[in-house]
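*Asks:* First the structure, then my questions, so here it is.
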Amino acid sequence: MSLPPLPRGAVTDRIERRVIGADFGADGYTTRTQADELARHLHLRPGRRLLELGSGRGWPGLYLAARTGCAVVLTDLPVDGLAIANRRATREGVDARCAVVAASGQHLPFAAETFDAVGHADVLC
Ligand SMILES: C[S@@+](CC[C@H](N)C(=O)[O-])C[C@H]1O[C@@H](n2cnc3c(N)ncnc32)[C@H](O)[C@@H]1O
């Protein structure tokens, strides 16, 4: 028998912060340390454009944009998660560098060489 998911709130945020070091409502196991490592590998910095596949509620793509100053396009299929990420981008003042696009990683609506880096965390397309 499986239990229903916990509704998100202060307790789940606290658990998530303790386990991965962030509170995005992540749906994977990528930790903040690993996200920081991704930023280094992808040379993320202001002026670089990151495409994040399967972004869920914005972890770690939105975090990476806030942390490094890069621009990010978050893509996923469920629009609920994208809407949550979009609201968080506005709250955190990174909305000018963040866009959300509902799209499958298998059929991306972007021209070649639109991005400097492509990332995903815990996504199997
Ligand atoms: C385990 S969740 C990880 C979400 C987020 N990266 C995180 O760490 O919280 C996997 C995500 O991949 C997305 N996904 C799976 N197949 C996809 C596809 N073909 N195109 C785009 N997104 C996909 C799912 O919708 C889901 O949001």
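The values are calculated or read from the model by the stated rules, or taken from the named source; none is laboratory data. Just so it is clear, the model here is predicted, and its values are computed rather than measured. Cβ: placed from backbone, ideal geometry, glycine included. Neighbour counts: every protein chain shown. All accessible areas refer to the heavy atoms of the entire protein, side chains included, with ligands and DNA or RNA removed. Shrake-Rupley method; radii C 1.70, N 1.55, O 1.52, S 1.80 Å.
*Asks:* Filter the range 44-65 down to the residues that are among the charged types (D, E, K, R) and near the ligand (Cβ under 7 Å from one of its atoms) and list them by number.
*Replies:* Hit for the range 44-65 is R57, nothing else.
*Asks:* Here is a list of conditions, (1) in contact with a Phe, Trp or Tyr (Cβ under 8 Å, 6 or more places away or on another chain); (2) outside any helix (DSSP H, G or I), and E16 meets all of them except one; can you say which number that is?
*Replies:* Result: E16 passes all but (2).
*Asks:* Test each condition in (1) out of contact with any strand residue (DSSP E or B) (no Cβ under 8 Å at 6 or more places or on another chain); (2) surrounded by fewer than 22 Cβ atoms within 10 Å (Cβ to Cβ) for W59 and report the one that comes out false.
*Replies:* (2)
*Asks:* So, one more: Hey, L38 hits all of (1) within 13 Å of the ligand (Cβ to nearest atom); (2) open to solvent by 30 Å² or more (accessible area, probe 1.4 Å); (3) more than 25 Å from A112 (Cβ to Cβ) but one; which does it fall short on?
*Replies:* The single condition L38 does not satisfy is (3).
*Asks:* Restricting attention to the range 96-104, does a residue exist that is over 17 Å from V123 (Cβ atoms), open to solvent by less than 50 Å² (accessible area, probe 1.4 Å), touching a residue at least 60 places away in the same chain (Cβ under 8 Å) and touching a helix residue (DSSP H, G or I) at 6+ places or on another chain (Cβ under 7 Å)?
*Replies:* No - not one qualifying residue is present in the range 96-104.
*Asks:* Filter the range 79-93 for residues that are in contact (Cβ under 8 Å) with a residue 24 or more places away in the chain, surrounded by fewer than 20 Cβ atoms within 10 Å (Cβ to Cβ) and not charged (D, E, K, R) and give the result.
*Replies:* I84
*Asks:* Looking at the range 21-33, can you tell me whether even one residue there is more than 12 Å from A121 (Cβ to Cβ), part of a helix (DSSP H, G or I) and either open to solvent by 80 Å² or more (accessible area, probe 1.4 Å) or in contact with a helix residue (DSSP H, G or I) (Cβ under 9 Å, 6 or more places away or on another chain) (or both)?
*Replies:* Taking every residue of the range 21-33 in turn, at least one turns out to be more than 12 Å from A121 (Cβ to Cβ), part of a helix (DSSP H, G or I) and either open to solvent by 80 Å² or more (accessible area, probe 1.4 Å) or in contact with a helix residue (DSSP H, G or I) (Cβ under 9 Å, 6 or more places away or on another chain) (or both).
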